[in-house]
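Visitor: Got a structure here, written out as structure tokens. Questions coming.
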Amino acid sequence: MAEQKTFYITTAIYYANSNLHIGHSYEIVLADVMARYKKLRGYDVKFLTGMDEHGQKVERAAAAEDIAPQQYVDAIADATKELFCDVLGIDYDIFIRTTDEKHKNTVKKIFKTLYDKGDIYKSDYEGLYCIPYETFYTEHNLKVGKCPECDRGVEPVKESSYFFRLSKYQDRLIEHIENNPDFIQPKSRQNEMLNNFLRPGLEDLCVSRTTFKWGVPVEFDPEHVIYVWVDALTNYITALDYLGEDDVLYQKYWPADVQLVGKDIVRFHTIIWPALLMALGEPLPKQVAGHGFLNIDGKKMGKSIGNVVDPRVLVGRYGADAIRYFLMREVVFGQDGNFTNEALIGRINADLANDLGNLLSRTVGMVEKYFGGQLPAAQAPTDFDESLINTGLTAVQNAEGYFDKMQFSYALNEIWDFVRRANKYIDEVMPWQLFKEGGKEDVLAGSLYMLAESLRIIAAVIGPVMPNTPAAIYSQLNIAGDELKTWESAKKFGLLARDARVSKGDIVFPRIDIKKELEELAGI
Ligand code: MSP
């Protein structure tokens with residue numbers, strides 16, 4: 001038997017400083033859709049996410065609440081897991097926390113290895129540090145005296161520190177990026193890294209602090225705490241037991257196939273991270289994919305500007321599948337997207353309630369009405385069948401190409417072309433007319449069969465994005481067993497038994513009264 005291909009996908013690990021908003025949900029859903037898609041395509045998938053729990057920011061936040069940092073991050077980690085699993089339907093394989101003993105031990109070993117190799121050395125550091133963004137700057141990096149990334153004040157620091165010889169890897173990094181055009185996606189971010197950071201020249205990186213305690217200590221010099229970004233970036237391999245006694249996971253899954261991160265942290269993942277790996281003598285991830293940001297009403301989302309949208313509230317009102325659909329449909333991969341309540345409800349009403357929901361309820365309703373819930377085996381094709389089949393098969397083929405490239409918005413676009421085509425088919429065939437005319441039961445049954453088949457195919461291909469909806473469709477079409485639910489089965493028409501039986505179920509996506517809903521949301 002051919003060996004199953006592996007697929008290792010990671011997200012950034014989330015800061016343990018607040019509850020996560022709908023912008024953070026975008027990234028984790030994106031990764032979940034890809035992981036589910038690859039599983040459906042037969043890959044042996046490992047999907048890693050987790051929490052970034054060290055640093056001065058966390059230490060200060062815990063102190064402000066008068067609790068120990070560990071207690072502070074424990075509560076946030078529990079809430080995050082609950083948000084991912086129970087609210088957003090994320091099916092991750094590993095949830096790593098940087099306070100895990102295993103992780104901390106490996107980070108210490110990595111630091112020591114690099115020190116022994118001479119890639120980390122001790123020297124004096126004098127500079128400026130942005131606590132919220134956990135980054136060092138020189139005067140000329142600042143934007144009008146403030147952190148160029150988050151626009152907050154920086155603090156001067158002077159201390160004896162350890163440094164990583166980042167500058168040594170500059171040429172190798174440039175060469176790697178130039179020789180591997182897929183390493184940084186999308187292409188625009190690749191140019192940004194080369195032109196703005198790598199070609200102007202890299203300085204060695206300060207990788208330890210002595211002014212706070214909440215982090216992984218340098219084992220051979222415990223006054224020093226390892227820089228949070230070095231601690232955090234290594235999670236992608238410590239999670240696979242890198243340098244552990246048993247490193248089968250590392251051997252099997254590393255290098256990662258896709259490391260998904262937001263555009264704000266592409267720099268850390270395409271410069272510092274690969275340089276660390278080069279220094280360790282380990283292979284680089286195959287791809288770092290930098291997605292865009294989800295904005296709200298056109299503005300950057302953030303706690304400080306008070307416009308954070310809570311995914312729990314949205315999922316509570318509309319269900320996880322609707323929110324996941326919206327995020328994947330509305331944001332083109334690599335570009336920024338915009339969240340508004342109007343756009344969300346608009347999509348739910350148009351695409352989910354009207355297009356998909358109606359297709360299901362009309363189809364099942366007509367089989368019940370005209371055939372008492374069971375189609376007869378004898379059926380005749382209609383003139384419109386060929387066009388429906390062509391649209392369906394083309395949609396699945398195109399969607400597959402887009403899924404492979406994580407272009408889920410385009411994939412959904414293709415699938416919805418098919419959903420709308422199937423609805424149009426009903427208007428063309430006019431089953432109610434055939435029924436009224438009488439004597440054409442075989443044509444009527446044939447057309448309803450085509451619709452049931454279309455729904456079966458649609459259910460199979462929307463599964464990665466909407467993990468709960470296929471079950472509702474399968475149950476109304478009485479599809480049990482797995483053969484008719486596979487990705488491959490979506491590439492063929494005519495697999496459903498001709499004498500299919502249906503059972504009417506709940507409306508999958510009820511229509512929302514937009515005016516009333518917007519008023520209620522405004523009051524939350
Ligand atoms: N802890 C670091 C990452 C360390 S990875 C070794 C971090 N955490 S974060 O919680 O601030 O962000 C986690 C991820 O969410 C990042 O990839 C970030 O780009 C992404 N997003 C944060 N806000 C976002 C939006 N508004 N929209 C889309 N993604 C967003 O950075």
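The values are calculated or read from the model by the stated rules, or taken from the named source; none is laboratory data. Owing to the predicted nature of the structure, the values given are computational and were not obtained by experimental measurement. Because the Cβ atoms are built from the backbone with ideal geometry, glycine has one as well, and the counts that use them run over all protein chains shown. Keep in mind that these areas ignore ligands, DNA and RNA; they rest on the heavy atoms of the full protein, side chains included. Shrake-Rupley method; radii C 1.70, N 1.55, O 1.52, S 1.80 Å.
Visitor: All but one of (1) modelled with pLDDT of 95 or more; (2) of a type in the set (Ser, Thr, Tyr); (3) closer than 28 Å to Glu59 by Cβ hold for Tyr133, so report the exception by its number.
Guide: (1)
Visitor: Scan segment 217-242 for residues that are part of a loop (DSSP other than H, G, I, E, B), within 31 Å of the chain's Cα centre (by Cα) and within 17 Å of Glu159 (Cβ to Cβ) and jot them down.
Guide: Selection gives Tyr227 alone.
Visitor: Could you say which residue among Val258, Val230, Val248 is at negative phi and surrounded by fewer than 18 Cβ atoms within 10 Å (Cβ to Cβ)?
Guide: On inspection, the qualifying residue turns out to be Val248.
Visitor: Condition check: modelled with pLDDT of 95 or more, open to solvent by less than 10 Å² (accessible area, probe 1.4 Å) and closer than 26 Å to Leu412 by Cβ. Does Tyr26 satisfy that?
Guide: It is true that Tyr26 is modelled with pLDDT of 95 or more, open to solvent by less than 10 Å² (accessible area, probe 1.4 Å) and closer than 26 Å to Leu412 by Cβ.
Visitor: Hey, another quick one. May I ask you to list the residues in segment 408-465 that are touching a Gly at 6+ places or on another chain (Cβ under 7 Å) and among the basic types (Lys, Arg)?
Guide: Scanning segment 408-465 gives no hits.
Visitor: Still on this structure: I need the full set of residues from segment 142-156 which are of a type outside the set (Lys, Arg) and in contact with a Pro (Cβ under 7 Å, 6 or more places away or on another chain), in order please.
Guide: If the condition is that a residue be of a type outside the set (Lys, Arg) and in contact with a Pro (Cβ under 7 Å, 6 or more places away or on another chain), then Leu142, Cys150 are the ones that fit.
Visitor: Please go through segment 182-214 and give me each residue that is touching an Asp or Glu at 6+ places or on another chain (Cβ under 6 Å) and modelled with pLDDT of 95 or more, ordered by number.
Guide: Across segment 182-214, the qualifying residue is only Trp214.
Visitor: Based on what the data block shows, is Asp355 among the charged types (D, E, K, R) and in contact with a strand residue (DSSP E or B) (Cβ under 9 Å, 6 or more places away or on another chain)?
Guide: Criteria not met by Asp355.
Visitor: Checking Val331 against (1) more than 12 Å from the ligand (Cβ to nearest atom); (2) within 30 Å of Glu453 (Cα to Cα): exactly one of these is not met. Which one?
Guide: Unmet condition: (1).
Visitor: What number goes with the only condition from (1) within 13 Å of the ligand (Cβ to nearest atom); (2) open to solvent by 20 Å² or more (accessible area, probe 1.4 Å); (3) under 21 Å from Leu249 (Cα atoms) that Lys46 does not pass?
Guide: Only one criterion in (1) within 13 Å of the ligand (Cβ to nearest atom); (2) open to solvent by 20 Å² or more (accessible area, probe 1.4 Å); (3) under 21 Å from Leu249 (Cα atoms) is unmet by Lys46, namely (1).
Visitor: Can you tell me which residue in segment 23-42 is farthest from Lys299 (Cα to Cα), limited to those that are more than 9 Å from the ligand (Cβ to nearest atom) and among the small types (Gly, Ala, Ser)?
Guide: Gly42
Visitor: When both residues are 6+ apart or on different chains and their Cβ atoms are under 6 Å apart, which pairs have a first residue that lies in segment 340-352 and is of a type in the set (Val, Ile, Thr), and a second that is surrounded by fewer than 15 Cβ atoms within 10 Å (Cβ to Cβ) and not in a helix (DSSP H, G or I)?
Guide: Thr340/Asp297
Visitor: Right, another one. Hey, could you check segment 84-133 for residues that are of a type in the set (S, T, N, Q) and not in a helix (DSSP H, G or I) and say which is farthest from Ala239 (Cα to Cα)?
Guide: Ser123
Visitor: Residue pairs, Cβ under 9 Å, 6 or more apart or interchain, first in segment 508-524 and without any contact (Cβ under 8 Å) to a residue 12 or more places away in the chain, second of a type in the set (D, E, K, R). List them.
Guide: Partner pairs satisfying both residue conditions: Glu520/Arg317.
Visitor: Within segment 470-491, which residues are open to solvent by 40 Å² or more (accessible area, probe 1.4 Å) and touching a residue at least 60 places away in the same chain (Cβ under 8 Å)?
Guide: Listed by number, the residues that qualify are Thr486, Lys491.
Visitor: Can you pull out the residues in segment 217-253 that are among the β-branched types (Val, Ile, Thr) and over 14 Å from Thr113 (Cβ atoms)?
Guide: Val225, Val228, Val248
Visitor: Looking at Leu260, is it within 15 Å of the ligand (Cβ to nearest atom) and either among the aliphatic types (A, V, I, L, M) or at pLDDT below 95 (or both)?
Guide: Yes.
Visitor: Please find, within segment 273-296, the residue that is farthest from the ligand (Cβ to nearest atom) out of those that are outside any loop (DSSP other than H, G, I, E, B) and among the small types (Gly, Ala, Ser).
Guide: Ala279
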